[in-house]
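Peer 1: Below you will find the structure I want to go over with you.
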Amino acid sequence: MEKTSTFLNNYQHIAEAVSRVRKNDQMAMRFLYTSFAKSMLNLSFRITNDLTLSEDIIQEAFLKSFKEIGHLKDPSKYGTWLKRIVANQSISYVRKTMKFEVIDEELVVKIEDVHWYKKLDFAQIEEAILSLPNGCRQVLTLYLLDGFKHKEIASMLNTSESNAKSQYSYAKKLLRTKLKSHKYA
Amino acid sequence: MPDFENYIQQNKEHFDSKEVDPNIWKNIEQKIKPKARKWQKIVWLVACLSLIFSGVLAYMIKEKKIVLKESGPRLLAETPANKAYEKTLWLKSQQIQSTPVSNEYKNQLQLLLDQVHYLDKLYASTFEYLQNASHTDDMAKSQLEYYQAKSELLDKVLFEIEKINNNEKEFNINSEKSTLVY
């Protein structure tokens, strides 16, 4: 198990697989899919909040990546490239229903215990994240869990970098409020 | 709050709770299956026609030998799919060898066994050509097509054996039986 994990995370193997996919090698395609499918599905799900839709999205994203893999300059960056494809496709599906909420500047959360969040299950935190409103939820997950920068997020969501930062800050406050509510406390 | 952010970032994997449905890969696989090139289609069409022709010819001249040697084209890559095919073919061969057939009906089976021979020979020569030309991708495709064709032929042999033996049972024919040399 440990060996597999090391193997999957080894960039040399990713780069090797990418060069084999360029020669239409199906085993290499399978390898790339196995390496990234789960993280891509979860990335997409956090954006769409719709599992069936996200499954369709990652299917199309992998096919697109295999078809256009010749455009990828650095083979070891396949994961980053694929992540952007999945994020963009997921956003395109929810863009119509996505709106940035007016930020409630008055929202203040009192801190009583510095490590309050450690009492929570990860499942509870995840549930609270997924219950955040469209707009700020995508900003929060793309930044916090998927490693995109505010500038990149702003570009993907067609908004300004300052709005992306404000939405992120707002999402954090909302998340904390939800988690501190009686439902999770 | 930065502590909370760090806590989430350090435990990212716990937020990937959704599991991947195996059907997603099946769908992708169907769409990435390489289509056979035109020349390959022609080669296999010619091969099939030749098999039919040799079958008819063998029937006409009533060739009586029933000896089939395993030509054993080498395994290109030990992929799970290739291994599975090898095992399937081996099992079918074993089944053919272990099922007794009346000597008087072996001529009927010889037509099919000749086709297996011919397929093996054709594949061996195609394999050699592709290997010399370093067409690795084409070798893999040819190997798959060979497995499929051979598997179908062996199925036909088994079907014929079963048919012959069933007929014998029906008419209570007690003729001398032996297994096929395969």
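Peer 1: By how many degrees, between 0 and 90 and to the nearest 10, does the Cα long axis of helix A:11-21 differ from the longest principal axis of chain A?
Peer 2: Around 60 degrees separate the two axes.
Peer 1: Related question: So how do A:Arg137, A:Arg176, A:Arg46 line up by other beta-carbon neighbours within 10 Å, fewest first?
Peer 2: A:Arg176, A:Arg137, A:Arg46
Peer 1: What is the angle, in °, between the Cα long axis of helix A:161-180 and the longest principal axis of the Cα atoms in chain A? Nearest 10 is fine, range 0 to 90.
Peer 2: 60
Peer 1: At 222 nm, what helix-only mean residue ellipticity would chain A give, in deg cm²/dmol to the nearest 500, using -39500 (n - 2.57) for each DSSP H run of four or more?
Peer 2: Value at 222 nm, helices only: -20500 deg cm²/dmol.
Peer 1: What's the longest bit of chain A with no exposed GluC sites (Glu not before Pro), using DSSP loop states and at most 13 other Cβ atoms within 10 Å as the test?
Peer 2: A:113-185
Peer 1: Would you report the distance distribution of C-alpha pairs in segment A:2-97 as whole percents per 10 angstrom bin, up to the bin with the largest distance?
Peer 2: For segment A:2-97, the pair-distance distribution reads 17, 48, 29, 6, 0.
Peer 1: Can you list residues from other chains, or at least 5 along the same chain, whose modelled amide H is less than 5 Å from the amide H of B:Val101?
Peer 2: Counting only residues 5 or more places away or on other chains, the set is B:Ser178, B:Thr179, B:Leu180.
Peer 1: Between A:Glu68 and A:Asn134, what FRET efficiency follows from the Cβ-Cβ distance if R0 is 25 Å, with the result rounded to 0.05?
Peer 2: According to the calculation, E is roughly 0.30.
Peer 1: Give me the extension gain from A:Asn49 to A:Lys77: residue separation times 0.36 nm, minus the current Cα-Cα distance, reported in nm with one decimal.
Peer 2: 7.4 nm
Peer 1: What angle, in degrees between 0 and 90 and rounded to the nearest 10, separates the Cα long axis of helix A:78-94 from the longest principal axis of the Cα atoms of chain A?
Peer 2: For helix A:78-94, the angle is close to 50 degrees.
We did not get these values from a lab; they are worked out from the coordinates using the rules stated. Just so it is clear, the structure is predicted and the values come from calculations on it, not from any experiment. Every residue, glycine among them, receives a Cβ derived from its backbone with ideal geometry; neighbour counts consider all protein chains shown.
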